[in-house]
């Protein structure tokens, strides 16, 4: 749907200008605009559902070949029905502009949610598996997307990926003509899209998926950092093989289908291999519920323990030998034992032992003097944290979760405002029904005072109606009805926010795992306190998300 030259510029019509052109819709607002058109949020009146309407520039409608292709492709895409694809409802032309009506997804794109950030591999597997599932359905129905990239993948309120903007998609059987312009996005586009556009097939989309997989794991595009993903972010090396095969320059060497990528990713999820912790302890928390990874093999620790024990024995033997020669007949004092607390910190007044995973064997002739440490001792329990816990929580963990909560909050406030406006309207109607003018005037004043007090409380309907309004016709029933609606709106919001709190906790737990290797017990305790606050107080996390 992009074989016509792109216009130099496109000015999106104001929503008020579109309203007469779409009498069956309420055009609410402009969502986004670009060279390929503009997207608006609207409500389809007949079905009372939110939709996204994309308007294309007039230049496209004047191209007869484009119009024919647009109709063919819109019909093909309307046949697609998959949870990971944005549905197409209708298409047509208004005022010389082609349009297409689609499913509205109230969330951010994958680009806005993960750009420049290496996210948890388990979450990467979930996201890319969903993308592959949606693409596979499109390919099976003869549709090639041709512009798979993070900004064309939306995340709904449950962070499920939904592929959209099939604006340059085309049926497999329709090949580009000589001289037609090539579209796509540099760095995500397969080589053959540029070198042999007449020969591209669904494997061009598979190349783009491989690029996205690398980007999500590393926070960087392969063109920016061509090193394997496991080298950049210390993820499972098996991801490298998947990325190499998906992005092979030769289409015939790539995966034959998108679901093959998903199957290989699921194999990693089912049997996680060794994974090296990130070198940066301030890495971001995950953006959606992660799957826990199995810990790496203990073989390496066994080797380290054996080497440490051997080295300690050699050092102690040399010290003991020197002592024996210099002191001759002076008897050696018996070795002293030092207890260690559960946290690996010696009790007050005791000399610290070497902080090792297990104690090394010490000869009976061990001297009383402390042995040179083989590893740095753990910090004392009362020491200040080395890691910036407040900075991590506020500038990284909470910021990411606030971004995730923003669509929920943006939905909550208008819903509450609409409910309150309807509540006020129905009460005002009750006042107008009062026949004696003096009594109507008194009720109107009482109602205005009541409404003003509600507005001071952010437009919330209170639990009890003002006594001055109790005698108003149907006032009690009106209050009960809209208070119940307000409660339902807030309960839905609270449930969705509670889901995000689990993601927040998992992200903090992941940071705690990183800090354990640094023995930063003070920082770990602060992070554990934050987790406890979230778990014990439902309103704590909710207030964090509502704080600007």
Worksheet, complete the sentence: From fewest to most C-beta neighbours within 10 Å, the residues 195, 11 line up as 11, 195
Response to the item:
Log10 I(q)/I(0) at q = 0.20 Å⁻¹ for the range 389-546, from Debye over equal alpha-carbon scatterers, is -1.15
Worksheet item: Once the piece of chain linking residue 81 and residue 269 is laid out straight, how much longer is it, given 0.36 nm per residue of separation minus the C-alpha distance between them?
Response: 65.0 nm
Discussion item. If you average the C-alpha positions of the range 118-147 and of the range 395-451 separately, how far apart do those two centres end up, in angstrom?
Written reply: 42 Å
Worksheet item: What order do you get for 124, 431 when you list them from fewest to most C-beta neighbours inside 10 Å?
Response: 431, 124
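Test of understanding: ordering 94, 534 by Cβ neighbours within 10 Å, fewest first, what list do you get? Numbers along the way, then the final one.
Numbers: 94 14, 534 19.
Starting with the residue having the fewest Cβ neighbours, the order is 94, 534.
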Practice prompt. Find how many whole Å separate the alpha carbon centroid of the range 474-548 from the alpha carbon centroid of the range 75-89.
Written response: 35 Å
Worksheet entry | Spin-label pair residue 489/residue 157, simplified geometry with 7 Å Cα→Cβ offset, distance in nm | 1.3 nm
Worksheet item: Which distance in nm do the two modelled labels at residue 457 and residue 47 give, with both placed 7 Å along the Cα-to-Cβ direction?
Response: 3.9 nm
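All of the numbers you see were taken from the coordinates with simple rules; none came from a lab. Note that the coordinates shown come from a computational prediction; the quantities given were computed from them, not determined experimentally. When we count neighbours, we look across all protein chains shown, and the Cβ atoms used for this are built from the backbone with ideal geometry, even at glycine.
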